[in-house]
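To keep things clear, I will list the structure first and then write my remarks on it.
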2 protein chains.
Amino acid sequence: MKNNRILLSHGSGGEKMHLLIQDVFIKYFSNPLLNKLDDSAIFLHKNFNFAFTTDSYVVHPLFFPGGDIGKLSVCGTINDLCMCGAKPLYLSASFIIEEGIEISILEKVVRSMSKTAQEAGIKIITGDTKVIEYQGRNNLFITTTGVGIVDNKLNISGSNAQISDRVILSGSVGDHEVAVLTVREDFGLNTKISSDTAPLNSLVEDILSATSFGESGNEIHTLRDPTRGGIATALNEITSKSEVGILIYEDRIPIKEGVRAVCELLGLNPLYAANEGKLICVASKDASESIVAKMKKNRYGRDAAIIGKVIASPNGVWISTLTGGKRPLLMLEGEQLPRIC
Amino acid sequence: MKNNRILLSHGSGGEKMHLLIQDVFIKYFSNPLLNKLDDSAIFLHKNFNFAFTTDSYVVHPLFFPGGDIGKLSVCGTINDLCMCGAKPLYLSASFIIEEGIEISILEKVVRSMSKTAQEAGIKIITGDTKVIEYQGRNNLFITTTGVGIVDNKLNISGSNAQISDRVILSGSVGDHEVAVLTVREDFGLNTKISSDTAPLNSLVEDILSATSFGESGNEIHTLRDPTRGGIATALNEITSKSEVGILIYEDRIPIKEGVRAVCELLGLNPLYAANEGKLICVASKDASESIVAKMKKNRYGRDAAIIGKVIASPNGVWISTLTGGKRPLLMLEGEQLPRIC
């Protein structure tokens, strides 16, 4: 690695993070279950497929419009379980707390976690607490880990996108990153953007029940929640793992007016902005319309749309722009914003 | 709570941490699996008992004689699985890394995790990386979570200690805490103390195979690894959950000469000092000798000894001193040393 120190961009979900994962983590931990690098690892035990996933949350500030670190930590791990089609079973939660934080703040976060877990129908059954000495930063970090169960008939994976599949997006992009950004700085905008932080297990259940399991397999091939690095990064991961191309249509991607305004003001691209309550679904052409219809009936999929399709070539992600052009949508090299999740 | 801010002692494993767990975490997360507060939660799925446990590691410095944060993070979670009799299946690992840390340091930690996991025969199959902005602290935190499978015949729990049971300790106490302490400060001592950090799954397997499963249940009733707060805290937890008393004999507790010297110098009590490669086993009187014999054959149980017994009354932990007296061994109220694990 050219640079021998950890940079913020190593945590951004982009190119540098992928290099770090390969050059350090995969190098030493390498095993077939880990190396798939899906949102959850799937392990087989006694004929059951279990999903297993972990995420640390370091978002700053702890509270933002539409959510807080607690809600985020429960939703994020539930969503990672769902993205392999798993039904979430249980969560663990581990807290690293800086000395001096008000207990009422911790309590507010824990209450939010409890409420979110209840909505999603999942229980937090084990945990840990560590206190670090005062650093004047009000640091509070939460790591949640989830276990779920995957129907043996399913084969949902980042590497299973197939040519002529349709790419479905469950709603507008960039809400979470812009919500966190606008609470850090006052841009004098009238529009208030709320984070989309939400548990997506009911949405995934809905679309799985909308599709039938034929002999040739399932109609839902890939699910991914476009968090750090946004939909551009998630789509690039899918094309890279599935060795296909994806063409998306700029005019079909829902972006809220306020999100677009903040992004233009700051030179951010909303396609790279983090979401915490959205999913990308790659499904057979035949099933795609009924999946969108089912999504629209769920509160977390009301703005669902088919935004593109899987193509044989060229590889990578391509965007058909409003002006009729076509340009590649590459992996993010730097970071847009640190500590958004 | 009288004090409305988080203190270091909230993370020490003692009285304050137990209050925080009750007043904040149990208050909102309360459910039967969590409320047992054993080292792992046990959940039943399709007739199988799974153990699930998580721990964050914040030890400072990252490297110390006998171990490092990586080895600690793998051993700690393996050991928590073992303490309910589980066979560890898989681990997750989540990293929170401060901007500016040398990648070679991260690599050294990851290599150590890999080596430890290999020794214990367990795989790390999923993970996460978050980078936080520069704080001038070289912060590196690791959260590991483990899943294991528990033999349905077992009933090992903090609440299962029974009157006249024997209390077995697998080896000397205080090594880990003193090792971390002496690398922070030079006390000019000749003796070099190494941390006892070790994966205890082979030791637990050995003692489980030493005992037979009679109709009246098992002979091993409680297992606990005396980490934060040391054996005094672990024994207090057992008496509190099992509603019994425990009497231990001071002269039977193995303490290394160097550990004793450092503790005397600093006014620390080694019975409250953290261990990371020791276990307490509460077992039927009849089985206790054969359990000790089996422990002594394992590299991590060579100094095993019966240190006491479970009594009907008085409740709580009592120590029979070298001078013939008997005094209570209470829960720790403050903290001995922050960031030891």
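The values are calculated or read from the model by the stated rules, or taken from the named source; none is laboratory data. Here the structure is a predicted model, which means the values were calculated and not measured. Here the Cβ is made from the backbone with ideal geometry for all residues, glycine too, and neighbour counts use every protein chain on show. These area figures cover heavy atoms from the full protein model, side chains too; ligands, DNA and RNA do not enter into them. Shrake-Rupley method; radii C 1.70, N 1.55, O 1.52, S 1.80 Å.
Using the basic label-point model (7 angstrom from Cα toward the beta carbon), what is the A:Glu257 to A:Lys285 distance in nanometres?
3.7
Given A:Lys130/B:Lys153; A:Lys108/A:Lys130; B:Lys87/B:Lys297; A:Lys87/B:Lys46, which pairs have Cα atoms separated by over 22 Å?
A:Lys130/B:Lys153
Using only alpha-carbon positions, what ratio does the radius of gyration of region A:183-333 give when scaled by 2.2 N^0.38 Å?
Rg over 2.2 N^0.38 Å, computed on Cα atoms: 1.09.
Could you grab the relative contact order for region A:295-341? Cα pairs under 8 Å, six or more apart, rounded to a whole percent.
Over region A:295-341, the number comes to 19 percent.
Taking only Cα atoms of chain A, what ratio of Rg to Rh do you get with Rh as the Kirkwood inverse-distance radius?
Radius of gyration relative to Kirkwood radius: 0.95.
Going 7 Å from Cα along the Cα-Cβ axis for the label, what nanometre distances separate A:Arg111 from the same residue across the other copies?
4.9
Work out from phi, with θ = phi - 60° and the Karplus expression 6.51 cos²θ - 1.76 cosθ + 1.60, the ³J(HN,Hα) of each residue of region A:134-141, listed in order in whole Hz, and give x for Gly and Pro.
Per residue, the Karplus-derived 3J(HN,Hα) values read 3, 10, x, 10, 6, 5, 9, 10 Hz.
Under a Cβ-only charge scheme (Lys and Arg +1, Asp and Glu -1), can you give me the dipole magnitude of region A:93-209 about the Cα centre, in debye to the nearest 20?
180
With n ≥ 4 as the cut-off for DSSP H runs, can you work out [θ] at 222 nm for chain B, using -39500 (n - 2.57) per run divided by the number of residues, rounded to the nearest 500?
-8500 deg cm²/dmol
Going by amide H atoms built from the backbone, whose H comes under 5 Å of the H on B:Ser30, apart from near neighbours?
Those qualifying (amide H under 5 Å, at least 5 residues apart or on another chain) number zero.
Can you tell me the relative contact order of region A:94-243? Whole percent, Cα pairs under 8 Å, sequence separation 6 or more.
Relative contact order comes out at 29 percent.
Taking amide H positions as placed in the peptide plane 1.01 Å from N, state which residues far from A:Ser157 in sequence (5 or more) or on other chains have amide H under 5 Å from it.
A:Thr222, A:Leu223
Taking 51 Å as R0, compute the FRET efficiency from the Cβ-Cβ separation of A:Ser164 and B:Glu133 and round it to 0.05.
My answer for the efficiency is 0.70.
Using a 10 angstrom cutoff on alpha carbons, build the Gaussian network for chain B and name the most mobile of B:Thr54, B:Thr321, B:Thr145.
Looking only at B:Thr54, B:Thr321, B:Thr145, the largest GNM fluctuation is found for B:Thr321.
Using a 1.4 Å probe, what is the accessible area per residue for region B:71-175, in Å²?
It amounts to 28 Å² per residue over region B:71-175.
Applying 1/(1 + (r/R0)^6) with R0 = 45 Å to the Cβ-Cβ distance of A:Leu44 and B:Glu102, what FRET efficiency is obtained, to the nearest 0.05?
That pair, A:Leu44 with B:Glu102, gives E of 0.75.
What are the label-to-label distances in nm, one decimal and shortest first, from A:Ser240 to the same spot in the other copies, with labels 7 Å along Cα to Cβ?
4.8
Karplus couplings for region A:84-99 from phi (6.51 cos²θ - 1.76 cosθ + 1.60, θ = phi - 60°), rounded to Hz, Gly and Pro as x?
For region A:84-99, the Karplus-derived couplings read 10, x, 6, 8, x, 9, 9, 10, 10, 9, 10, 10, 10, 10, 7, 3 Hz, x marking Gly and Pro.
Amide H neighbours of A:Thr126 under 5 Å, counting only residues 5+ apart in sequence or on other chains, H built in-plane at 1.01 Å?
Here A:Ala93 satisfy the definition.
Binning at 10 Å from 0, report for region A:53-182 what percent of all alpha-carbon pair distances ends up in each bin.
11, 37, 32, 15, 5, 1
Most fluctuating residue of B:Ser172, B:Ser290, B:Ser92 in a GNM of chain B with Cα springs under 10 Å: which is it?
Most flexible of the set in this elastic network: B:Ser290.
So what does the Cα-only Debye profile of the protein assembly as shown read at q = 0.07, 0.08, 0.11 Å⁻¹, as log10 I(q)/I(0), no solvent term?
Reported log10 I(q)/I(0), two decimals: -0.47, -0.60, -1.07.
Quick one: 3J(HN,Hα) in Hz for region B:36-44, Karplus 6.51/-1.76/1.60 with θ = phi - 60°, rounded, Gly and Pro as x.
5, 6, 7, 4, 10, 8, 10, 10, 9
How high is the relative contact order of chain A, in percent, counting Cα pairs under 8 Å that sit 6 or more residues apart?
With pairs under 8 Å counted, the relative contact order is 24 percent.
Which distances in nm, rounded to one decimal and ordered from shortest, link the label point of B:Asn315 to the equivalent label points in the other identical copies, with labels set 7 Å from Cα toward Cβ?
Reported distances to equivalent positions: 6.7 nm.
Would you mind getting me the FRET efficiency between B:Asn31 and A:Ala293? Use the beta-carbon distance for r and R0 = 35 Å, nearest 0.05.
0.45
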